[in-house]
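J.: Sharing a structure with you now.
The values are calculated or read from the model by the stated rules, or taken from the named source; none is laboratory data. Being a predicted model, the structure only gives us computed values, none of them experimental. Because the Cβ atoms are built from the backbone with ideal geometry, glycine has one as well, and the counts that use them run over all protein chains shown. Remember, those area values only see protein heavy atoms, side chains included, never the ligands or the DNA or RNA. Shrake-Rupley method; radii C 1.70, N 1.55, O 1.52, S 1.80 Å.
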Amino acid sequence: ITAGLSRFPRFCQQLDVAPSEVTDSHLVLYRRALCENEITRDPEKAVYFAARAWNRVARTIEGWPGQQLTVPNRRRAYTLPWSAFPPGLEAEIDQWLSRSSETDIFAEIGPDAPLSASTRKYRKHSMKCYLAALVHSGLDAACLTSLAVVVEPDLVKRGLRWLHDNRFENPRSGGLGNIAVAVKMAAKHGVGLVEEKQRQLDTYARKLMPESRGMTAKNRDRLE
(Lines give C-alpha, C1' and ligand atoms only; values in the text may rest on other atoms or scores of the structure.)
Protein backbone atom coordinates (compact mmCIF):
# COMPACT_ATOMS: atom_id res chain seq x y z
CA ILE A 1 0.00 0.00 0.00
CA THR A 2 2.74 2.44 1.00
CA ALA A 3 4.63 1.89 -2.25
CA GLY A 4 1.53 2.53 -4.33
CA LEU A 5 0.73 5.78 -2.52
CA SER A 6 4.24 7.08 -1.96
CA ARG A 7 4.10 9.73 -4.70
CA PHE A 8 0.45 10.45 -5.30
CA PRO A 9 -0.40 11.99 -1.86
CA ARG A 10 2.69 14.18 -2.05
CA PHE A 11 1.62 15.29 -5.50
CA CYS A 12 -1.85 16.21 -4.20
CA GLN A 13 -0.28 18.04 -1.26
CA GLN A 14 1.79 20.14 -3.67
CA LEU A 15 -1.47 21.06 -5.42
CA ASP A 16 -2.89 22.07 -2.01
CA VAL A 17 -5.60 19.42 -2.38
CA ALA A 18 -6.86 17.87 0.85
CA PRO A 19 -7.33 14.06 0.96
CA SER A 20 -11.11 14.51 1.16
CA GLU A 21 -11.02 16.53 -2.08
CA VAL A 22 -9.09 14.01 -4.20
CA THR A 23 -10.95 12.86 -7.33
CA ASP A 24 -10.23 11.10 -10.62
CA SER A 25 -9.24 14.44 -12.12
CA HIS A 26 -6.21 14.50 -9.85
CA LEU A 27 -5.17 11.10 -11.16
CA VAL A 28 -5.25 12.63 -14.66
CA LEU A 29 -3.03 15.50 -13.50
CA TYR A 30 -0.75 13.02 -11.75
CA ARG A 31 -0.30 11.00 -14.91
CA ARG A 32 0.45 14.14 -16.93
CA ALA A 33 3.10 15.20 -14.39
CA LEU A 34 4.72 11.77 -14.52
CA CYS A 35 4.88 11.94 -18.31
CA GLU A 36 6.14 15.51 -18.55
CA ASN A 37 8.82 15.13 -15.86
CA GLU A 38 9.81 11.59 -16.88
CA ILE A 39 9.64 10.48 -13.26
CA THR A 40 8.86 6.90 -14.25
CA ARG A 41 9.21 4.84 -17.38
CA ASP A 42 5.63 3.58 -17.04
CA PRO A 43 3.22 6.35 -15.98
CA GLU A 44 0.19 4.17 -16.69
CA LYS A 45 1.42 1.55 -14.25
CA ALA A 46 2.16 4.15 -11.58
CA VAL A 47 -1.35 5.64 -11.85
CA TYR A 48 -2.90 2.17 -11.81
CA PHE A 49 -1.18 1.18 -8.56
CA ALA A 50 -1.79 4.60 -6.98
CA ALA A 51 -5.55 4.27 -7.59
CA ARG A 52 -5.64 0.69 -6.32
CA ALA A 53 -3.68 1.60 -3.18
CA TRP A 54 -5.87 4.64 -2.50
CA ASN A 55 -9.05 2.56 -2.74
CA ARG A 56 -7.67 -0.12 -0.46
CA VAL A 57 -6.64 2.43 2.16
CA ALA A 58 -10.06 4.11 1.90
CA ARG A 59 -11.73 0.76 2.62
CA THR A 60 -9.49 -0.39 5.45
CA ILE A 61 -8.06 2.56 7.36
CA GLU A 62 -10.37 4.39 9.74
CA GLY A 63 -10.37 8.14 9.25
CA TRP A 64 -9.18 8.01 5.65
CA PRO A 65 -11.57 9.76 3.21
CA GLY A 66 -13.92 7.15 1.82
CA GLN A 67 -14.15 8.22 -1.80
CA GLN A 68 -13.03 5.59 -4.34
CA LEU A 69 -10.96 6.43 -7.42
CA THR A 70 -11.44 4.84 -10.82
CA VAL A 71 -8.72 2.25 -11.40
CA PRO A 72 -7.52 2.51 -15.02
CA ASN A 73 -7.92 -0.57 -17.18
CA ARG A 74 -4.40 -1.55 -18.19
CA ARG A 75 -5.55 -4.50 -20.31
CA ARG A 76 -5.63 -3.51 -23.95
CA ALA A 77 -8.11 -5.92 -25.44
CA TYR A 78 -6.84 -7.50 -28.61
CA THR A 79 -8.83 -10.73 -28.89
CA LEU A 80 -11.64 -10.91 -31.42
CA PRO A 81 -15.06 -12.61 -31.16
CA TRP A 82 -15.36 -15.99 -32.82
CA SER A 83 -17.83 -14.41 -35.23
CA ALA A 84 -14.89 -12.52 -36.76
CA PHE A 85 -13.53 -15.80 -38.15
CA PRO A 86 -14.98 -18.27 -40.67
CA PRO A 87 -17.80 -20.17 -38.92
CA GLY A 88 -16.28 -23.60 -39.40
CA LEU A 89 -13.08 -22.73 -37.58
CA GLU A 90 -14.51 -22.52 -34.07
CA ALA A 91 -16.51 -25.70 -34.69
CA GLU A 92 -13.34 -27.52 -35.74
CA ILE A 93 -11.48 -26.31 -32.66
CA ASP A 94 -14.39 -27.42 -30.46
CA GLN A 95 -14.34 -30.81 -32.15
CA TRP A 96 -10.61 -31.22 -31.48
CA LEU A 97 -11.05 -30.25 -27.83
CA SER A 98 -14.04 -32.54 -27.46
CA ARG A 99 -11.93 -35.46 -28.69
CA SER A 100 -9.29 -34.44 -26.16
CA SER A 101 -11.70 -35.01 -23.29
CA GLU A 102 -11.21 -38.77 -23.58
CA THR A 103 -8.48 -41.06 -24.87
CA ASP A 104 -9.07 -43.55 -27.66
CA ILE A 105 -6.08 -45.89 -27.81
CA PHE A 106 -7.04 -46.86 -31.36
CA ALA A 107 -7.27 -43.29 -32.69
CA GLU A 108 -4.57 -42.28 -35.17
CA ILE A 109 -4.28 -38.85 -33.56
CA GLY A 110 -5.22 -37.75 -30.07
CA PRO A 111 -3.80 -37.03 -26.62
CA ASP A 112 -2.09 -39.63 -24.48
CA ALA A 113 -4.26 -38.57 -21.53
CA PRO A 114 -7.66 -36.84 -21.45
CA LEU A 115 -7.71 -33.10 -20.81
CA SER A 116 -9.75 -31.61 -17.98
CA ALA A 117 -12.59 -29.20 -18.72
CA SER A 118 -10.55 -26.26 -17.39
CA THR A 119 -7.57 -27.16 -19.60
CA ARG A 120 -9.80 -27.47 -22.67
CA LYS A 121 -11.32 -24.06 -21.91
CA TYR A 122 -7.86 -22.52 -21.52
CA ARG A 123 -6.64 -24.12 -24.74
CA LYS A 124 -9.58 -22.65 -26.64
CA HIS A 125 -8.88 -19.19 -25.23
CA SER A 126 -5.22 -19.55 -26.19
CA MET A 127 -6.22 -20.43 -29.74
CA LYS A 128 -8.47 -17.36 -29.83
CA CYS A 129 -5.53 -15.17 -28.75
CA TYR A 130 -3.34 -16.72 -31.43
CA LEU A 131 -5.93 -16.23 -34.19
CA ALA A 132 -6.45 -12.60 -33.18
CA ALA A 133 -2.69 -12.09 -33.39
CA LEU A 134 -2.71 -13.35 -36.97
CA VAL A 135 -5.37 -10.79 -37.86
CA HIS A 136 -3.52 -7.98 -36.10
CA SER A 137 -0.39 -8.96 -37.99
CA GLY A 138 -2.18 -8.06 -41.24
CA LEU A 139 -3.90 -11.28 -42.32
CA ASP A 140 -7.51 -11.28 -43.46
CA ALA A 141 -9.55 -13.33 -40.99
CA ALA A 142 -11.45 -14.83 -43.93
CA CYS A 143 -8.25 -16.65 -44.92
CA LEU A 144 -8.23 -18.63 -41.67
CA THR A 145 -10.60 -21.25 -42.97
CA SER A 146 -9.58 -24.36 -41.04
CA LEU A 147 -7.49 -25.71 -38.22
CA ALA A 148 -5.09 -27.23 -40.75
CA VAL A 149 -4.51 -23.79 -42.26
CA VAL A 150 -3.84 -21.93 -39.02
CA VAL A 151 -1.28 -24.42 -37.68
CA GLU A 152 1.02 -24.14 -40.68
CA PRO A 153 4.46 -23.24 -39.26
CA ASP A 154 4.81 -20.03 -41.29
CA LEU A 155 1.54 -18.71 -39.88
CA VAL A 156 2.35 -19.91 -36.38
CA LYS A 157 5.66 -18.09 -36.49
CA ARG A 158 3.91 -14.95 -37.69
CA GLY A 159 1.26 -15.03 -34.97
CA LEU A 160 3.69 -15.81 -32.15
CA ARG A 161 6.05 -13.09 -33.33
CA TRP A 162 3.23 -10.52 -33.21
CA LEU A 163 2.36 -11.60 -29.67
CA HIS A 164 6.04 -11.54 -28.72
CA ASP A 165 6.51 -8.00 -30.02
CA ASN A 166 3.21 -6.46 -28.95
CA ARG A 167 1.66 -8.25 -25.98
CA PHE A 168 4.21 -9.83 -23.67
CA GLU A 169 6.76 -7.75 -21.76
CA ASN A 170 8.45 -10.97 -20.68
CA PRO A 171 7.87 -13.51 -23.47
CA ARG A 172 9.19 -16.36 -21.34
CA SER A 173 6.83 -15.72 -18.42
CA GLY A 174 4.56 -18.58 -19.48
CA GLY A 175 1.68 -16.73 -21.13
CA LEU A 176 3.09 -16.77 -24.64
CA GLY A 177 4.56 -20.22 -24.10
CA ASN A 178 1.13 -21.59 -23.20
CA ILE A 179 -0.33 -20.15 -26.40
CA ALA A 180 2.46 -21.82 -28.38
CA VAL A 181 1.73 -25.11 -26.61
CA ALA A 182 -1.98 -24.86 -27.43
CA VAL A 183 -1.20 -24.32 -31.12
CA LYS A 184 1.27 -27.21 -31.27
CA MET A 185 -1.25 -29.51 -29.55
CA ALA A 186 -3.95 -28.45 -31.98
CA ALA A 187 -1.59 -29.38 -34.80
CA LYS A 188 -0.59 -32.69 -33.25
CA HIS A 189 -3.93 -33.94 -31.94
CA GLY A 190 -6.38 -31.99 -34.07
CA VAL A 191 -4.72 -32.12 -37.48
CA GLY A 192 -1.96 -34.71 -37.41
CA LEU A 193 0.67 -32.41 -38.89
CA VAL A 194 3.56 -34.07 -40.70
CA GLU A 195 6.54 -34.77 -38.48
CA GLU A 196 8.87 -32.13 -39.93
CA LYS A 197 6.33 -29.33 -39.47
CA GLN A 198 5.37 -30.58 -36.01
CA ARG A 199 9.00 -30.36 -34.94
CA GLN A 200 9.00 -26.67 -35.90
CA LEU A 201 5.99 -25.99 -33.67
CA ASP A 202 7.56 -27.99 -30.84
CA THR A 203 10.65 -25.80 -31.14
CA TYR A 204 8.64 -22.58 -30.93
CA ALA A 205 6.85 -23.80 -27.80
CA ARG A 206 10.07 -24.96 -26.15
CA LYS A 207 11.81 -21.64 -26.77
CA LEU A 208 8.90 -19.60 -25.42
CA MET A 209 8.23 -21.57 -22.25
CA PRO A 210 9.95 -20.41 -19.04
CA GLU A 211 13.25 -22.07 -18.31
CA SER A 212 12.13 -22.91 -14.79
CA ARG A 213 8.79 -24.48 -13.92
CA GLY A 214 6.71 -24.15 -10.79
CA MET A 215 5.83 -21.04 -8.82
CA THR A 216 7.26 -17.77 -10.14
CA ALA A 217 9.46 -15.59 -7.95
CA LYS A 218 6.72 -12.92 -7.92
CA ASN A 219 4.11 -15.38 -6.66
CA ARG A 220 6.54 -16.80 -4.08
CA ASP A 221 7.07 -13.28 -2.74
CA ARG A 222 3.30 -12.75 -2.55
CA LEU A 223 2.81 -16.03 -0.70
CA GLU A 224 5.52 -15.18 1.81
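J.: Looking at the range 68-78, can you tell me whether even one residue there is modelled with pLDDT of 90 or more and surrounded by fewer than 17 Cβ atoms within 10 Å (Cβ to Cβ)? Even if it seems obvious, please write down each step before you answer.
T.: First pass over the range 68-78, keeping only residues modelled with pLDDT of 90 or more: 68-69.
Remaining after also requiring surrounded by fewer than 17 Cβ atoms within 10 Å (Cβ to Cβ): 68.
Yes - at least one qualifying residue is present in the range 68-78.
J.: Here are some conditions: (1) closer than 29 Å to Met127 by Cβ; (2) in contact with a helix residue (DSSP H, G or I) (Cβ under 8 Å, 6 or more places away or on another chain); (3) aliphatic (A, V, I, L, M). Ala77 meets all but one. Which one does it not meet?
T.: (2)
J.: If you check Ala50, Ala46, Ala77, which single one turns out to be on the phi < 0 side of the Ramachandran plot and touching a Gly at 6+ places or on another chain (Cβ under 7 Å)?
T.: Of Ala50, Ala46, Ala77, the one residue that is on the phi < 0 side of the Ramachandran plot and touching a Gly at 6+ places or on another chain (Cβ under 7 Å) is Ala50.
J.: Right, here's the next one. Going through Ser126, Ser83, Ser98, Ser118 one at a time, which residue ends up being surrounded by 18 or more Cβ atoms within 10 Å (Cβ to Cβ), among the polar types (S, T, N, Q) and either modelled with pLDDT of 85 or more or assigned to a helix (DSSP H, G or I) (or both)? Walk me through how you get there before you give the answer.
T.: Numbers: Ser83 fails: surrounded by 18 or more Cβ atoms within 10 Å (Cβ to Cβ); Ser98 fails: surrounded by 18 or more Cβ atoms within 10 Å (Cβ to Cβ); Ser118 fails: surrounded by 18 or more Cβ atoms within 10 Å (Cβ to Cβ).
Within the list Ser126, Ser83, Ser98, Ser118, the selection yields Ser126.
J.: Right, next: In the range 23-53, what count of residues is obtained for those that are in a loop (DSSP other than H, G, I, E, B) and modelled with pLDDT of 80 or more?
T.: The number of residues fulfilling the criteria is 1.
J.: Here is a list: Thr60, Thr79. Which entry is under 30 Å from Leu147 (Cα atoms) and either free of Cβ contacts under 8 Å to residues at least 60 places away in the same chain or within 29 Å of the chain's Cα centre (by Cα) (or both)?
T.: Within the list Thr60, Thr79, the selection yields Thr79.
J.: Name the pairs whose Cβ atoms lie under 7 Å apart, with the first residue in the range 1-18 and open to solvent by 30 Å² or more (accessible area, probe 1.4 Å), the second modelled with pLDDT under 70, and 6 or more positions between them or separate chains?
T.: Filtered contacts from the range 1-18: no entries.
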